[in-house]
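Engineer: First, the structure itself, so that you have it in front of you.
Values quoted throughout were computed directly from the atomic coordinates according to the rules given, and no laboratory measurement underlies them. Just so we're clear, the structure is a prediction, and the values are computed from it rather than from any experiment. Cβ coordinates were reconstructed from backbone atoms using ideal geometry, including for glycine residues, and neighbour counts include every protein chain displayed.
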């Protein structure tokens, strides 16, 4: 069975084509900086490795570009769309409706659309991916794998908000958690590396969207994102944690509409609001050249990460490892350095020489004296989605 996995983020689309059940990667790639100048596509197969700067204004443009590469006469890996048996889609918000992987029907699509209000940067892109894939790969079975599923083990004292009970009982307002396929994948790899079933791990997923999970004995017990993927850490365009009183002040005293505040916090804040840039590579470059706003934004970003490491070490009553993953977590030596700096109280001691080595392999970048392992584990949400899609339909 050939399974194509589409992982649509807020500004990127990762894709991998697998043969299952052997999980062999036929080709893979990434369309990034969607809607930003100098968007890029990378495409890798057994005999080709291509990187190009392209114009990609929307997720639909990106998906059509991916399909053109898959079926290209010279670099493609399939002759026609009918060779794809299954398309597995990452869907960010499943609400209380979806607690497990499902085959996509019209009813499922309507529910994903309805949940877009809770994940406006993601669910619309996820749904767009489904609709375009249905057009291009019309014979394939479409499967949805939800980011919220891994976090179903979060206990009630962590997922319930301190608001009247009816909002949970009648309206399902609670912490759901996101990036679940990533946190699940890397925490399982970390447990294998540690060689112990009983473990206390903080997984740190840093991309355009960012989140952290407290993983105790292999289960998610707390998470930085909540009802929607907006709070917690400072992200590319999202504010992360903010005092709710600020929202009321903007509306009541500054004359903003609720829609304007929502757009501001979702699309104009975070690193973009602080620096004018949403891509961390641009921010790091500017900071190195003396840009004070970028320097401060990096300090604010990593300060917030350090706060959650402390909080999660407390609720787990210990810490065996911290795991950096996703585009920024895997590639930014600066962010890892700033996060691990002055963390000796927790037994976190970074080996700066190891940290500076670039690699796509799982690696331990802690000093021998570090009581807590500092791990860089490249996430593979696509493999996790392929496995779950295959298991559902096999």
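Engineer: Mark the label point 7 Å from the Cα of residue 188 along Cα→Cβ and return the residues of region 138-155 whose backbone N is within less than 16 Å of it.
Structural biologist: Inside the label zone: 145-153.
Engineer: Rg(Cα) of region 195-376 divided by 2.2 N^0.38 Å?
Structural biologist: Working: Rg = 17.2 Å, N = 182, 2.2 N^0.38 = 15.9 Å.
Rounded to two decimals, the normalised Rg is 1.08.
Engineer: Any chance you could run the full-extension gain for residue 1 through residue 82? It's 0.36 nm times the residue separation minus the Cα-Cα distance, nm to one decimal. Don't skip to the answer; put the middle values down first.
Structural biologist: Numbers: separation 81, 0.36 × 81 = 29.16 nm, distance 1.18 nm.
Extra length from residue 1 to residue 82 when fully extended: 28.0 nm.
Engineer: Still on this structure: Determine the calculated [θ] at 222 nm for the chain from helices alone, applying -39500 (n - 2.57) to every DSSP H run no shorter than 4 residues and normalising by the residue count; nearest 500 deg cm²/dmol. Mind dumping the intermediate values first?
Structural biologist: Values: 15 runs with 148 residues, N = 394.
Rounded to the nearest 500, the figure is -11000 deg cm²/dmol.
Engineer: Here is a follow-up. Find the eigenvalues of the gyration tensor of the Cα atoms of region 343-394, then list the square roots of 5 times those eigenvalues as equivalent ellipsoid semi-axes, largest first, in whole angstrom.
Structural biologist: After diagonalising the Cα gyration tensor, the semi-axes are 33, 13, 6 Å.
Engineer: While we're looking at this one, here's another question. Please report the antiparallel percentage of DSSP beta bridges with both residues in region 1-146, rounded to the nearest 5. Present the calculation step by step, with values, prior to reporting the outcome.
Structural biologist: Numbers: 29 of 39 bridges.
About 75 percent, rounded to the nearest 5.
Engineer: On a full-extension model of 0.36 nm per residue, what is the gain between residue 131 and residue 217, subtracting their alpha-carbon distance, rounded to one decimal in nm?
Structural biologist: On the way: separation 86, 0.36 × 86 = 30.96 nm, distance 3.80 nm.
Additional length available on full extension: 27.2 nm.
Engineer: How many percent of DSSP beta bridges within region 195-376 run antiparallel, rounded to 5?
Structural biologist: Values: 14 of 23 bridges.
Of those bridges, close to 60 percent are antiparallel.
Engineer: Enter the Cα centre distance for the pair region 315-352 and region 216-280, rounded to the nearest angstrom.
Structural biologist: A separation of 23 Å, based on Cα centres.
Engineer: If each of residue 36 and residue 197 carries a label point 7 Å out from its Cα toward its Cβ, how far apart are those two points in nm?
Structural biologist: Label-label distance for residue 36 and residue 197, simple model: 4.4 nm.
Engineer: Here's something else I'd like to know. Compare the peptides 244-256, 14-26 by average per-residue count of other Cβ atoms within 10 angstrom and give them in order, highest first.
Structural biologist: Working: 244-256: 11.5, 14-26: 17.7.
So the peptides 244-256, 14-26, ranked by packing, come out 14-26, 244-256.
Engineer: How much FRET efficiency would the formula 1/(1 + (r/R0)^6) give for residue 254 and residue 172, where r is the Cβ-Cβ distance and R0 is 35 Å, rounded to 0.05?
Structural biologist: Details: r = 32 Å, r/R0 = 0.90.
Once the sixth-power term is evaluated, E becomes 0.65.
Engineer: How far is the Cα center of region 63-112 from the Cα center of region 115-161, in Å?
Structural biologist: The two parts, judged by their Cα centres, are 12 Å apart.
Engineer: In nm, to one decimal, how far is the modelled label at residue 344 from the one at residue 356, with both set 7 Å along Cα→Cβ?
Structural biologist: Taking the two extended label points, one gets 2.1 nm.
Engineer: With an 8 Å cut-off on Cα pairs and a minimum separation of 6 or more residues, tell me the relative contact order of region 2-146 in percent.
Structural biologist: Averaging sequence separation for qualifying contacts and normalising by length gives 24 percent for region 2-146.
Engineer: What does DSSP give for the chain in terms of the percent of beta bridges that are antiparallel, rounded to the nearest 5? Mind showing how you got there, number by number?
Structural biologist: Numbers: 43 of 62 bridges.
Around 70 percent of the beta bridges assigned by DSSP in the chain are antiparallel ones.
Engineer: Let me ask another. For the chain, report the % of Cα-Cα distances exceeding 36 Å. Walk me through the intermediate numbers first.
Structural biologist: Numbers: 17007 of 77421 pairs.
Counting every Cα pair in the chain, those more than 36 Å apart make up 22 percent.
Engineer: Express in nm, to one decimal, how much length is gained between residue 100 and residue 44 on full extension, taking 0.36 nm for each residue of separation and deducting their alpha carbon distance.
Structural biologist: 17.1 nm
Engineer: Okay, next question. What percent does the relative contact order of region 195-376 come to when contacts are Cα pairs within less than 8 Å and at least six residues apart? Walk me through the intermediate numbers first.
Structural biologist: Working: 298 pairs, mean separation 37.7, N = 182.
Once divided by the residue count of region 195-376, the mean separation gives 21 percent.
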